[in-house]
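Asker: My structure is below; once you've seen it, I'll send some questions.
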Amino acid sequence: MRDFHQPGRSTVFATNGMCATSHPLAAKVAVQMLEAGGNAVDAAIAGAVLLGLCEPQMTGIGGDCFVLLSKPGEPDIIALNGSGRAPKGLSASEMRKKKLKNVPVDTVDAITLPGAIDAFCRLSKDHGKLGLKAILAPSIYYAEAGVPVAPRTSFDWAQAEGTPKGAAAEYYLLEGKAPKPGQLFRSPQQAEVLRLVAERGRAGFYEGEVAEDMVASLQSAGGTHTLDDFAETSCDYTAPVSGFYKGTELVEHPPNGQGATAILMNNILGHFDLASMDPLGSARAHIEIETSKLAYDARNRFLADPDFTTRIDHMLAPETAAGLAALIAPQKAMTSPSELSEQVHKDTVYITVVDKDLMSVSLIYSIFHSFGSGIASDKFGVLFQNRGCGFSLEEGHPNEAAGGKRPMHTIIPGLLRQNGETVMPFGVMGGAYQPCGHARFVTNLVDFDMHPQAAIDAPRCFSDEGELRVERGYSDAARQELSELGHNVTVPNGPIGGAQAIFIDRVKGVLHGASDPRKDGCALGY
């Protein structure tokens, strides 16, 4: 139980259904779908689409999604890959001729086809109950009436105020500025797009006037995107990957998502006695940081479009984790994980819903960087993601940019099972942090016996771009000790990531909702 003298967030309990997500309006709409007789799929889609209006810097209809779905009475988890491909005309060699080392994040070359709408339509048809018209009605309403901008959303919006340009600046800035908390954000042009999708399904987006607007806008920016590229966009059902951490099974989306990275991290962490360490101390943080360096190095070597991914079995093998764990020095930070691990590899916005029947949806939906590419379509203001910057320009790399190929993706929905039963859909937002966030969430639960809300609340750290970013929740002593181990410790301007989870207590028949205080959202049930 939390200390009620201290600021904090209580767990939300309910019995008939629950949603946990990063904005309260989206959670409310999801629960309304359940109350209206819909299932978890209906609720998750309704809430997710609305998040694109509540948090347009994070997600939207120009982005991608990944879904894990657990259906009652069915032993297998369903994975749906709603990530789009590069336009057929994309060429890594052409970018190399321009002396580029990476795909620029704010150019049309980084814009891959938006896959989320196709996935939502497929998911609704195959597993939903209410249909697209009912599911999209709340988002159409709020797109026209407006959504009051929430505090964390306003903070993020201001951080990326210079990203939207051209039509994007017109549609996503208010008189050239990021909105302040409480100001209304409207998007009537998106309401028109959603009406077309409600009436015509995926054809309302990938064909006709919306597709024509997107293609014309992309081509005017120098893109190779065509109407055929949009018309051929299609999501795929795939088989999840999973791994066990001390009896708890972590289920992740397979490549081109980076979920295997979280499983590898847990496999490495299993070689250390984390439970004997202070959960908020430097020793535990150091082991996790070093583990993440090695696991992310493996990710960068192997993960790509599933048609090109290499050696996923090697990445998840116990002996690989053992070999990598042996490279971690408890008293010293590593400088080059690639060099150390060469011998081991020598061949080489989130929403979750649970309904009254315990159907569980873990869905993550994103445009990648804040405001994605910063480019929007002229007529309908569809803000395009920049997932193409997840490609490599290294010739011959499994993740080398190419037309018709999916880039390596950072967004990963998660799900925990025990004894073959789903016990918790969960997700951690935060770009590259996500595998580390999944591993930390699991070890908080398993090694330190934290309740999901406490596991989410706990401070975080993450090594990225040569810095060890440590949230203020850590003590000054822990930061100093990490510096003495050789880490370049900084305190980030904003919090690290965000998380949501729903624990299913099958014995008592109660759902436990946990929602990250780092975000504007909440868990709601009925």
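Rule-based calculations on the coordinates, nothing more; no lab input. As the structure is a computational prediction, the values presented were derived from the model and not from experiment. Neighbour counts run over all protein chains shown; Cβ positions are idealised from the backbone, glycine included.
Asker: What order do you get for 446-453, 389-396, 3-10 when each peptide is scored by the mean count of other beta carbon atoms within 10 Å, highest first?
Answerer: 446-453, 389-396, 3-10
Asker: Run the reach check for residue 293 against aspartates and glutamates, Cα to Cα strictly under 17 Å, same-chain hits fewer than 8 apart removed. What comes back?
Answerer: The qualifying aspartates and glutamates are 339, 342, 464, 465, 467.
Asker: What number in nm² do you get for segment 386-427 if you take the convex hull of its Cα atoms and divide its surface by four?
Answerer: 4.6
Asker: Once the convex hull of the C-alpha atoms of segment 370-495 is built, how many Å³ does it hold per residue, rounded to a whole number?
Answerer: Output value, Cα hull per residue: 202 Å³.
Asker: Where does the chain land at 222 nm, in deg cm²/dmol rounded to the nearest 500, when only DSSP H runs of n ≥ 4 count, each adding -39500 (n - 2.57), divided by all residues?
Answerer: The helix-only estimate for the chain comes to -10500 deg cm²/dmol at 222 nm.
Asker: Calculate, axis by axis, the spread of Cα positions in the chain along the three principal axes, and write the results as whole Å, longest axis first.
Answerer: Projected onto the principal axes, the Cα atoms of the chain cover 60, 59, 45 Å.
Asker: Among the lysines, which fall within straight-line cross-link reach of residue 71, defined as a Cα-Cα distance under 24 Å, with same-chain neighbours fewer than 8 residues apart omitted?
Answerer: List returned: 28, 125, 129, 133, 356, 508.
Asker: For a quick check: sort 284, 311, 2, 472 by the number of other beta carbons within 10 angstrom, fewest at the front.
Answerer: 472, 2, 311, 284
Asker: Compute the convex hull volume of the Cα atoms of segment 278-381, divide it by the residue count, and report the result per residue in Å³ as a whole number.
Answerer: 240
Asker: Under a straight-distance cross-link criterion of Cα-Cα below 17 Å, which lysines are reachable from residue 88, leaving out those fewer than 8 residues away in the same chain?
Answerer: 405
Asker: Also: Could you tell me which of rounded, prolate or oblate describes segment 433-526, using a ≥ b ≥ c as the square roots of the eigenvalues of the alpha-carbon gyration tensor, with rounded for a/c under 1.5 and, failing that, prolate when a/b is larger than b/c and oblate otherwise?
Answerer: The shape class here is prolate.
Asker: Under the rule a/c < 1.5 gives rounded, and otherwise a/b versus b/c splits prolate from oblate, where does segment 122-166 land using the Cα gyration tensor?
Answerer: prolate
Asker: I'd like the per residue volume of the convex hull spanned by the Cα atoms of segment 1-95, given in cubic angstrom.
Answerer: Given the Cα convex hull of segment 1-95, per-residue volume reads 215 Å³.
Asker: Before anything else, pin down the relative contact order of segment 1-158: Cα pairs under 8 Å, at least 6 apart, normalised by residue count, whole percent.
Answerer: Relative contact order comes out at 25 percent.
Asker: Still on this structure, I have one more. Work out the FRET efficiency for residue 203 and residue 317 from their Cβ-Cβ distance, taking R0 = 41 Å, and round it to the nearest 0.05.
Answerer: 0.40
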